[in-house]
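The values are calculated or read from the model by the stated rules, or taken from the named source; none is laboratory data. From a predicted model like this one, the values you see are computed outputs, not experimental measurements. Counting neighbours? That spans all protein chains shown, and the Cβs are built from the backbone with ideal geometry, glycine included. Heavy atoms of the whole protein, side chains included, go into the accessibility calculation; ligands, DNA and RNA do not. Shrake-Rupley method; radii C 1.70, N 1.55, O 1.52, S 1.80 Å.
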Amino acid sequence: MIREPNFQYPFLIGTIFLFAYLIVRIILWYIELSKYDKLRFIHFWKTKSVWAALKDAIADGLLHSSIFKKNLLLGYMHMSLAFGWFLLIVIGHLEVMVDRRSLNFPFYYAVFYRYYQPHPDFAGARVFGALMDLLLLIILSGVALAILKRIKKQIFGMKRTTKLKPFDKIALTSLWLIFPLRLLAESLSAAYYHNGSFMSNTLGAWFIQNVRVSAIYDLSWWLYSCSIGFFFIALPFSRYMHIPTEIVFIFLRHAGIMPKKYWNSYAQIQMYSCSRCGICLDACQLYEAGVSNVQSVYFLQYIRNNENVDKSLFGCLICGRCQEACPVHINLNDLRTALRIKASKPLTFSYGYTQMALQQKTDIIYFAGCMTHLTPPIKFSMARIFNFLGEKVWYMDEDKSICCGGPLMLAGQYDSASQLIQKNTELIMASGAKTLILSCPICYKAFREDYVLPGISIKFHAVYLNDMIRQGRLPKINLGFKTIYHDPCALGRGSKIYDEPRYVIDSYSQRMRLKKEKAEALCCGAGLGGINLPIETKNKVTFEAMTYFARFKPNVLITACPLCKKTFARDRRIPVIDIAELTARAIDEYVNEQKKSVREARLIES
Amino acid sequence: MKKIAVIGGGIAGLEVSRLLLQEGLPVTLIEKGSRLGGNLRNYAHLFPDFTPSDEILGNYRFLPSNSDLQLLMNTQIESIDFSTQPYTLHSKDGIAIPADPLIIATGYQVFDAKLKEEFGYGIYDGVITSVELEKMIKQHHIVTPYGKIPRRIAFIHCVGSRDAKVGNSYCSRLCCITAIKQAIETKKLLPETEIFCFYIDLRMYGLTFEELYLNAQKEYNIQFVRGRLSETSEMIDKRLIIKAEDTLIGRPLQMKADMLVLMVGMEASDFSKQFAYHNGLEIGDHGFFQPLNQFNARSKSQKEGIFFAGTSIGPMSVAETIEHARAAALSAISYLKDKEY
């Protein structure tokens, strides 16, 4: 018996609106992509990357495997809601198909199936019934956990959760209401017809005894339909837009589309993919230093709501810890940089002095960079190493130095940075060099990402030193230190160089393992991105990081960035040296020992 | 044991003790080193009128012989026990000293110029600090590390002050006028030597400072360049090359010099910071002790019975230190009187 009710209309309106909105939105996004990105995306469907994208869409979008890595309970909460609801829809439709032995039925039948089908007597009806009840139970447990998380976030391994805007709260409430209302409606159905399973039938039996079911039966289905309809209409304007957008983002990412220096639709897609889960909040060291409004989740929220972002845009160290922690893998640093470029007025500085540098013919170029010039021992150590190796090197910026352009790029000064990049490119290409060696990770990142230097291998000094040790051209010698290695942001998270510096340090000292290292390494607090941050805040970040290192009681703290070195050295609790200085010391030690053994050999002879 | 305790035997601690003893109040004066006089002993003459610093220190010559003063030298205080009345200070060697009230006169230390590696201190021998130059002035003997008379000296202002990159954003106030004083003294000793001062801007806050600055230019031919030093390097003959920007003409500048004098700023002493950290005393954003307010309670702390004297709360000249120490002594006296009633 199928009655013809009207309660499906709120659901239908919501669904049609949502799908129409999404289709238009996705088409607009696609149109705005650059010509090459469009070609990439079209070609992508012919490649095997589609399967990888599909796998990621399931793993991240539905199962939330990245969140499981942070905390099991938090992962379960997200998975039960996303994957549970997904299965509820899929199995719900299967159930209708099996029952009606047809694919031809209105799509909303499955949503209200317990209303339309009071007497399910097809083969497997009981299995479907139990499965549907089980899925609903799983989702409800997720909702319960989500409510619990708002009250006691510590259980979920989180120190903080995001502050919500009123509209988000409405959307959140409507989402949470969908499932209890479905349970209510289905249980009332079961009260009449006993067409449910273990949960709805039990509840139904209770209802029939205690409540006048006929008075609220239709109402319950209306409410259920309204809650879905309302949620679907609210979705594009709330944070839940991340649900469809994340899938789009995953496919575009696998198609090889890269973030740009300007704000485009790919950036917008990434922005909408943020679920505001708040995992980035705990990753941010600025939170400990008393800054609670610049974190990525808020920064993305401000842009979405067209609020003033100046403070959060320039008040971030761009250390990348949030990007590593982000379960959606949003390119947060690139988004910030692109917006900085958009928000910055061009500088009126003259770069006339860049004409002064002289060109030389060479095989190897060493570009010290501004920060290495401000930490001369690193520069001397590099000279000592090149001398020992007998390499002829052109110290490109020894006298008249031109900046690599990295700091200007981080400040959003694209045009000025481009001028410097062009001049450096001319100098390097004219030298005929094969290798460019850098001792500053900020320079290294800039050269790797913003320069086009065909035929030239760009090497960070730690990687070069590691090569030389591997080739036996640099000695291995234990200097007897207990050391800690600090991953500089631009080198570790920024350029994914984690192992080579460690190999070098292990060749000379006893390195201690930390919990917060590699991708989770702390920022020194002086990141060049932190343009608007007050010095007191940066000092607090430095102090906290140094306090963490001091717990391990190392003899020396080793880093591979002149800026980190300079910043940590101020604290004075642990001596700080660069990896080049460590290597130079090892060379000196080795040379001394050689001399000693020669002398001893002579003594024995005489 | 006596009841009032003063930590720090520099001029602030000495002046506080002197005044309290004058009022007939017994004092325990605690000094971590082996000599009294603190940082002032590093200076030959004082700005703006070239008074010998020994003259000021001489005022305290008879203080140690006062029978009401208990002097504890080579004693480093580690902690305060707030649970006892009066408070009890515990030294590293296990001495317990009652303190009611306690006056903290732990002073300052100069900025460690090695942290500004690009200026070359500790790397190139020709780079010295203003403290080292003052010693040379005291001995009337200014030479380069290679025993030569410097033909050109560059004074670099604001080393470790007004420099966010080293974590100190505040102005130490005294270095500008000290540089001018030292430049004049150097010129008096070495009339043939060229002297350049590199400054951000000159803060001549005292009544007669501006005259001294004009005099330095007119009578002593000392040259002033507005611009910060960017980096130092060394030539084969051990002379120095300095790179800076002359911000008045807006151009980069390179100069050779035989000697570089870094005008190191004032910082809260490591001891003060550690002491405050371990005993829950309030420290301001710049690392110095935080007084109750900046107007009429500059010598009072947030805690009852604890007072500050001198540069433990921020950079001060000798005259200001002595005045502030007197204010601290007065606060301590009225605190004791209030307690009696």
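The table below gives the values:
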{"item": "Subset tally (residues that are within 18 Å of B:Leu174 (Cα to Cα) and among the basic types (Lys, Arg)) for segment B:33-64", "result": "1"}
{"item": "When residues of segment A:134-161 are limited to those that are β-branched (Val, Ile, Thr) and over 14 Å from A:Asn71 (Cβ atoms), the one surrounded by the fewest Cβ atoms within 10 Å (Cβ to Cβ)", "result": "A:Ile151"}
{"item": "Members of segment A:517-562 found to be among the aromatic types (Phe, Trp, Tyr) and either open to solvent by less than 50 Å² (accessible area, probe 1.4 Å) or within 14 Å of chain B (Cβ to nearest Cβ) (or both), listed by number", "result": "A:Phe543, A:Tyr548, A:Phe549"}
{"item": "Positions within segment B:224-239 being away from chain A (no Cβ under 12 Å) and either in contact with a helix residue (DSSP H, G or I) (Cβ under 8 Å, 6 or more places away or on another chain) or open to solvent by less than 10 Å² (accessible area, probe 1.4 Å) (or both), in sequence order", "result": "B:Phe224, B:Gly227"}
{"item": "Complete set of residues in segment A:146-175 that are under 24 Å from A:Cys284 (Cα atoms), in a helix (DSSP H, G or I) and out of contact with any Phe, Trp or Tyr (no Cβ under 6 Å at 6 or more places or on another chain)", "result": "A:Ala146, A:Leu148, A:Arg150, A:Ile151, A:Lys153, A:Gln154, A:Ile155, A:Phe156, A:Asp168"}
{"item": "In segment A:551-569, the residues that are out of contact with any Pro (no Cβ under 6 Å at 6 or more places or on another chain) and farther than 22 Å from A:Cys284 by Cβ", "result": "A:Phe552, A:Lys553, A:Pro554, A:Asn555, A:Leu557, A:Ile558, A:Pro562, A:Lys565, A:Lys566, A:Ala569"}
{"item": "Lone unmet requirement of (1) under 21 Å from A:Leu374 (Cα atoms); (2) within 14 Å of chain A (Cβ to nearest Cβ) for B:Asp285", "result": "(1)"}
{"item": "Hits in segment A:465-487 - residues which are buried (at least 18 other Cβ atoms within 10 Å of the Cβ) and within 20 Å of A:Met546 (Cα to Cα)", "result": "A:Phe481, A:Thr483, A:Ile484, A:Tyr485, A:His486, A:Asp487"}
{"item": "Counted residues, segment B:283-334 - those being in a helix (DSSP H, G or I) and not small (Gly, Ala, Ser)", "result": "11"}
{"item": "Failed item in (1) touching a residue at least 12 places away in the same chain (Cβ under 8 Å); (2) closer than 30 Å to A:Pro377 by Cβ; (3) open to solvent by 20 Å² or more (accessible area, probe 1.4 Å), with B:Ala113 passing the rest", "result": "(3)"}
{"item": "Residue within segment B:263-273 that is open to solvent by 10 Å² or more (accessible area, probe 1.4 Å) and under 19 Å from B:Thr88 (Cα atoms) present", "result": "yes"}
{"item": "Matching residues in segment A:163-190 - criterion: being open to solvent by 50 Å² or more (accessible area, probe 1.4 Å) and either more than 21 Å from A:Tyr113 (Cα to Cα) or in the same structural domain as A:Cys277 (by TED's automatic domain parsing) (or both)", "result": "A:Lys163, A:Lys165, A:Pro166, A:Phe167, A:Lys169, A:Ile170, A:Thr173"}
{"item": "Subset tally (residues that are open to solvent by less than 30 Å² (accessible area, probe 1.4 Å) and either in contact with a His (Cβ under 7 Å, 6 or more places away or on another chain) or touching a residue at least 60 places away in the same chain (Cβ under 8 Å) (or both)) for segment A:284-296", "result": "4"}
{"item": "A:Thr583 being over 19 Å from A:Cys370 (Cα atoms) and of a type in the set (Ser, Thr, Tyr)", "result": "yes"}
{"item": "Selected residue (criterion: farthest from the other protein chains (Cβ to nearest Cβ)) from residues of segment B:250-272 that are of a type in the set (D, E, K, R) and more than 30 Å from B:Glu78 (Cβ to Cβ)", "result": "B:Asp258"}
{"item": "Segment A:191-210, subset more than 13 Å from A:Ala130 (Cα to Cα) and hydrophobic (A, V, I, L, M, F, W, C), residue most open to solvent (accessible area, probe 1.4 Å)", "result": "A:Trp206"}
{"item": "Matching helices (runs of 4 or more DSSP H) fully within segment A:520-606 where at least 2 residues are of a type in the set (D, E, K, R), in contact (Cβ under 8 Å) with a residue 60 or more places away in the chain and farther than 21 Å from A:Pro407 by Cα", "result": "A:535-550, A:579-605"}
{"item": "Residues satisfying the stated conditions in segment A:280-312, i.e. within 23 Å of A:Pro166 (Cα to Cα), hydrophobic (A, V, I, L, M, F, W, C) and in contact with a Cys (Cβ under 7 Å, 6 or more places away or on another chain)", "result": "A:Cys280, A:Val294, A:Val297, A:Leu300"}
{"item": "Close pairs (8 angstrom Cβ cut-off, 6 or more residues apart or separate chains): within 14 Å of another protein chain (Cβ to nearest Cβ) and free of Cβ contacts under 8 Å to residues at least 12 places away in the same chain in segment A:374-388, open to solvent by 10 Å² or more (accessible area, probe 1.4 Å) and part of a helix (DSSP H, G or I) anywhere", "result": "A:Pro376/B:Glu117"}
{"item": "Among residues of segment B:140-194, those that are of a type outside the set (S, T, N, Q), outside any loop (DSSP other than H, G, I, E, B) and away from every other protein chain (no Cβ under 14 Å), counted", "result": "20"}
{"item": "Cross-chain or 6+ apart pairs with Cβ under 9 Å, segment B:1-21 first and farther than 23 Å from B:Tyr43 by Cβ and touching a residue at least 12 places away in the same chain (Cβ under 8 Å), then open to solvent by 10 Å² or more (accessible area, probe 1.4 Å) and among the small types (Gly, Ala, Ser)", "result": "B:Met1/B:Ala96"}
{"item": "B:Arg162 surrounded by fewer than 22 Cβ atoms within 10 Å (Cβ to Cβ), among the charged types (D, E, K, R) and over 25 Å from the mean Cα position of the chain (by Cα)", "result": "no"}
{"item": "Matching residues, segment A:488-510, being without any contact (Cβ under 8 Å) to a residue 60 or more places away in the chain and either open to solvent by less than 10 Å² (accessible area, probe 1.4 Å) or in contact with a Lys or Arg (Cβ under 7 Å, 6 or more places away or on another chain) (or both)", "result": "A:Gly492, A:Ser495, A:Tyr498, A:Arg502, A:Gln510"}
{"item": "Residue ranges of strands (runs of 3 or more DSSP E) in segment A:350-454 with at least 1 members under 32 Å from the mean Cα position of the chain (by Cα)", "result": "A:364-367, A:435-438"}
